[in-house]
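Read through the structure below, which is laid out as structure tokens, and then see the notes.
The values are calculated or read from the model by the stated rules, or taken from the named source; none is laboratory data. It should be emphasised that the depicted structure is a prediction, and the values quoted were computed from it without experimental measurement. We place every Cβ from the backbone using ideal geometry, glycine too, and count neighbours over all the protein chains shown. Each accessible area value is taken on the protein alone, full model and side chains, heavy atoms only, with ligands, DNA and RNA left out. Shrake-Rupley method; radii C 1.70, N 1.55, O 1.52, S 1.80 Å.
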Amino acid sequence: MPELDYSLMNDTLDNFSFADIKLQNLGPKTSDISFDDSHFVEDILFNFDISHCLNSILKPLEADDSQILVNSSTSSDEISPLKSSPIIEEKDESTPINSPNLNATSIIKSPHIKIVQPESEKLPAIIPITEQMCHLSSWSIPDPVLHKYKLKNVTKMFHWQCECLSNSRVLHELSNLIYSAPTSAGKTLVAEILALKTIFNRKKKTIFILPFVSIVKEKMYYFQDLLEGTGIRVEGYMGSYNPPGGFAAIQFAICTIEKANSLINRLLEEGSLADVGAVFVDEMHLLGDPHRGYLLELLLTKLRYISLKVESIKIQIIGMSATLPNLGELATWLGAELYSTSFRPIPLFEQVIVNGEIYDKDFQLLRKLEPLVDVEVDTDFILQLCLEVIRDSYSVLIFCPTKKWCESLAQQLSQAFFKIGNSQTTLGELLRTQIKSDLIMEVLEQLKLCPTGLDSILRKTVSFGIGFHHAGLTMDERDIIEGSFRNGAIKVLAATSTLSSGFSRLT
């Protein structure tokens, strides 16, 4: 197999090329495209040297487990068994398989061939699930890590998690994996177990890609705690920070998209990409982001190409998201196994409010809200809905588009709670009963101990059981706010998408 010339790879789209890749239909001129632009690199055509690379191209993209590779127009009576290496029957003898006019794309898209494995190599895609397999102790996880999971009350997986992990092609053949599950269903645990297997079983390094700096920091601290005592060094690549000693000194790197792309490029230049065993991409729907999606697409394209081109490099790509719309297309692009579930540990009921009328997801009218007598101003009935939820001893999470919006809404609600709480009304009695002053005082004391001290706006809102959460808060402040929301001290939390990206930690 020919050696790959890494020098042909760079991040300037004017000069971007692999040894055998062509870029087509870029839309705007490449001179007008930069990494600050929102254009996608589309229609990347893999023009491999078929005579050298056919098997390595097609094997990860096989779509069938049968023992026969035939022309689709061939009848079942004409099918002959596969005896040794894969056989390709050509529909037109005038176009031999080694023809320079035949490229990998035409082979992959052709309806007239299919790829198979001999009987001896054939494995079932999903291993039958047993009750014992759902216990973490059955997955060869080191004892210190199992102990950490036990301290977090995680000793057993959901059935869907075990089923997703039991794909033999993912476990034994190191196939790529794309999976989708609703928010808070436990997607991250699947990635964690695959990452642990990569590090401890394969003795390879792992890269975990997350969308925001704040989430990278949080996951870095989480994995550092989880892997404490195992000898595995976990570091984060974010903003201007690069860990001391570089990638050579760590086994688990957690990066933003931009940092991950730079890291992969550096490893290519140094010729050390073979040290990486798996790359995990959380929130993979960001491939469609108009500002950053093209960079993630470019990164995955490089990894996919290198893994196919260089035999010594086998990087498993694991992608996850709760909102992937075109799972099949994405899995085909990456040559990945696909898993999807609609399982939710807690049922979700979707409703919408329009002019004070509440409708279900089928837009059937459920009820009409009447303005509260004790409330002067209640825009969009947000205050009334919050009070209804608090009355039933539950908490409210409100997502806002901006940091300023979060703080403004939290202050408005806290002012309303102050007025209602001081009134001798039914609603006033409700708030005095549900909002625990001793828990709130404890939260305020914790916030005072933060390096930045107690934020003045947080002091005003938290005093009435209302908080806000966004990337402008420090990690300490966010941890305290999240913990307070979990234990019920904070009844209403206004947050940006920073929290939604890691929402499962609140459940």
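Given the options Glu429, Glu482, name the one that is closer than 23 Å to Val389 by Cα, charged (D, E, K, R), in a helix (DSSP H, G or I) and under 24 Å from the mean Cα position of the chain (by Cα).
Within the list Glu429, Glu482, the selection yields Glu482.
Which of the residues spanning region 344-363 are in a loop (DSSP other than H, G, I, E, B) and surrounded by 13 or more Cβ atoms within 10 Å (Cβ to Cβ)?
Gly356
Given the criterion among the β-branched types (Val, Ile, Thr) and in contact with a strand residue (DSSP E or B) (Cβ under 6 Å, 6 or more places away or on another chain), identify the matching residue among Ile390, Ile398. Give the derivation first.
Working: Ile390 fails: in contact with a strand residue (DSSP E or B) (Cβ under 6 Å, 6 or more places away or on another chain).
Answer to the check: Ile398.
If Val375 meets every condition in (1) part of a loop (DSSP other than H, G, I, E, B); (2) open to solvent by 50 Å² or more (accessible area, probe 1.4 Å) apart from one, which number is that one?
Status for Val375: all satisfied but (2).
Just to be sure, is Thr188 β-branched (Val, Ile, Thr) and under 19 Å from Leu324 (Cβ atoms)?
Spelling it out, Thr188 is indeed β-branched (Val, Ile, Thr) and under 19 Å from Leu324 (Cβ atoms).
Within region 384-422, which residues are within 19 Å of Ile440 (Cβ to Cβ) and in a loop (DSSP other than H, G, I, E, B)?
Within region 384-422, Ser393, Tyr394, Ser395, Asn422 qualify.
List the number of the failed condition for Glu228; all other conditions in (1) touching a Gly at 6+ places or on another chain (Cβ under 8 Å); (2) in a loop (DSSP other than H, G, I, E, B) hold.
(1)
Here is a list: Lys217, Lys204. Which entry is at pLDDT 95 or above and either among the aromatic types (Phe, Trp, Tyr) or surrounded by fewer than 22 Cβ atoms within 10 Å (Cβ to Cβ) (or both)? Step through it out loud before you land on a result.
Details: Lys217 fails: at pLDDT 95 or above.
Checking each option against the conditions leaves just Lys204.
If we keep just the residues of region 140-169 that are of a type in the set (A, V, I, L, M, F, W, C) and either closer than 25 Å to Arg344 by Cβ or outside any helix (DSSP H, G or I) (or both), which is most open to solvent (accessible area, probe 1.4 Å)?
Phe158
Which residue pairs have Cβ atoms under 7 Å apart, sit 6 or more places apart or on different chains, and have a first residue in region 418-439 that is closer than 11 Å to Ser463 by Cα and a second that is among the aliphatic types (A, V, I, L, M)?
Partner pairs satisfying both residue conditions: Lys436/Ala489; Leu439/Ala489.
Take region 231-255 and flag every residue that is in contact with a Gly (Cβ under 8 Å, 6 or more places away or on another chain) and over 28 Å from Asp143 (Cβ atoms). Before the answer, list the steps.
The initial filter retains those residues of region 231-255 that are in contact with a Gly (Cβ under 8 Å, 6 or more places away or on another chain), namely 243, 253-255.
Scanning region 231-255 gives a single hit, Cys255.
So Leu499 clears everything in (1) at pLDDT 90 or above; (2) within 22 Å of Lys217 (Cα to Cα); (3) aliphatic (A, V, I, L, M) except one condition, right? Which one?
So Leu499 meets the others, but not (1).
Which one is farthest from the chain's Cα centre (by Cα), of the residues in region 302-351 that are of a type in the set (Val, Ile, Thr) and within 11 Å of Leu177 (Cβ to Cβ)?
Once the filter is applied, the top-ranked residue is Ile317.
Only one of these is modelled with pLDDT of 90 or more, crowded, with 21+ Cβ neighbours inside 10 Å and over 29 Å from the mean Cα position of the chain (by Cα): Leu493, Leu444, Leu413. Name it.
Details: Leu493 fails: over 29 Å from the mean Cα position of the chain (by Cα); Leu444 fails: crowded, with 21+ Cβ neighbours inside 10 Å.
Only one candidate passes the filter, namely Leu413.
Could you count how many residues in region 465-484 are without any contact (Cβ under 8 Å) to a residue 24 or more places away in the chain and among the acidic types (Asp, Glu)?
Count: 1.
What pairs come out if I take residues in region 143-155 that are over 13 Å from Leu196 (Cα atoms) and pair them with residues that are crowded, with 16+ Cβ neighbours inside 10 Å and aromatic (Phe, Trp, Tyr) whose C-beta lies under 8 Å away, six or more apart or interchain?
Thr155/Tyr149
Somewhere in region 461-471, is a residue open to solvent by 10 Å² or more (accessible area, probe 1.4 Å), out of contact with any Cys (no Cβ under 6 Å at 6 or more places or on another chain), over 20 Å from Phe381 (Cα atoms) and modelled with pLDDT of 90 or more?
yes
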